[in-house]
């Protein structure tokens, strides 16, 4: 990148031997100084906004400080909060890196830096204080230590070095503070830009991952042997930890699974993806008639245990419906029990074991239900049952049951929509958890 172009700065007024600016008429030097400072600050703001590189921008601001005050050299020390140190990062001229004392200094040992960050600008003059000599460059006799702060706290210090530097005037001190503030703004703006770019890349990665493992936020319908089904899933973030599948096996049986990985976002989404991959692999490799709800659950448990951390787990219900016998076999691994609606009665499913992934030695049991024509099964994740707004109880099984009864229909699509809408209303219109709702209506055995 080309070196930044410096703005034109009006020349300093001629100096008398006592260090004060000459003036041809009383008060003229003060007016000229104020005008020059105002013009320089305006240009400072413009150039800081134009620079795409934080180093170039701060270098330019240090040059402006030197041109305004008559100091010979200046440097910016960046504060490292974790290491509790200050490190010289930018110097003007570059030779300052070779001559400055203590380019890296501990905060606890940097007396003047600490004082400036706590109390404001510190002035050093070896004629008045011999103890400051070790902090001055070889060719300087005086210096200023200027704090650089941001909205969140201290960011570092600027040191300006000079030979026989007289005390700064009030307008010059204001200018120095303004330049230090501008350096702080430059650093904070850069940090925000970097964070925004990082967030943009992360969002893009998550969006790409979401296309690989899509979440069906719209209502989905299925017509399979002996049943009709509908489902809907919504992710609290880009990726969902909920899994809902209704699959036709080659022997005309239907397998369904509803599962919920702990947590939200990318981590839960990756666990869900592992579970889904294991499910499809099991279906592809196992002989259908050898496949049962419990054997599928055993396999999924071993896979989840092998690919997740100890604190990660999945709740799941796996069911297999045989339209020839009208029997539904299911295994519940720590998931909210599905509900069977039959002739106006509600029958909850049983639970058969721990959640998936805690141990690879768990042997899951299963139960069977004789399905009757017109039976409806509602399965869901805790994003539905735990829906709540401030001060209200959770939606719960009672909310699901009421929504199904109130909708007055046994059609799966109507049931899913009724429960979904009622849950959203109950929590005030906002979804802050992964949510899945599945409804299945069974026909007579074939």
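The table for this structure:
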quantity	calculated
Members of the stretch 71-90 found to be buried (at least 21 other Cβ atoms within 10 Å of the Cβ) and either free of Cβ contacts under 8 Å to residues at least 60 places away in the same chain or part of a loop (DSSP other than H, G, I, E, B) (or both), listed by number	71, 90
Entirely in the stretch 300-361, the strands (runs of 3 or more DSSP E) that have 2 or more residues that are in the same structural domain as residue 247 (by TED's automatic domain parsing) and within 30 Å of the chain's Cα centre (by Cα)	314-322
Qualifying residue in the stretch 77-84 (condition: in the same structural domain as residue 185 (by TED's automatic domain parsing), within 18 Å of residue 123 (Cβ to Cβ) and in contact with a strand residue (DSSP E or B) (Cβ under 8 Å, 6 or more places away or on another chain))	yes
Enumeration of residues in the stretch 230-265 that are without any contact (Cβ under 8 Å) to a residue 60 or more places away in the chain, in a strand (DSSP E or B) and over 17 Å from residue 304 (Cβ atoms)	247, 248
Filter pass, residue 401 being touching a strand residue (DSSP E or B) at 6+ places or on another chain (Cβ under 9 Å) and without any contact (Cβ under 8 Å) to a residue 40 or more places away in the chain	no
Counted residues, the stretch 152-175 - those being closer than 18 Å to residue 114 by Cα and either exposed (fewer than 15 other Cβ atoms within 10 Å of the Cβ) or at pLDDT below 85 (or both)	2
For residue 365: the one exception among (1) touching a residue at least 12 places away in the same chain (Cβ under 8 Å); (2) part of a loop (DSSP other than H, G, I, E, B); (3) over 29 Å from residue 310 (Cβ atoms)	(3)
Residue in the stretch 362-382 that is under 37 Å from the mean Cα position of the chain (by Cα) and at pLDDT below 90 present	yes
Index of the failed condition, residue 298 passing every other in (1) touching a residue at least 60 places away in the same chain (Cβ under 8 Å); (2) touching a strand residue (DSSP E or B) at 6+ places or on another chain (Cβ under 8 Å); (3) farther than 25 Å from residue 405 by Cβ	(2)
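The values are calculated or read from the model by the stated rules, or taken from the named source; none is laboratory data. Keep in mind that this is a model prediction, so the values were computed, not measured. Virtual Cβ from ideal backbone geometry, glycine too; neighbours counted across all protein chains shown.
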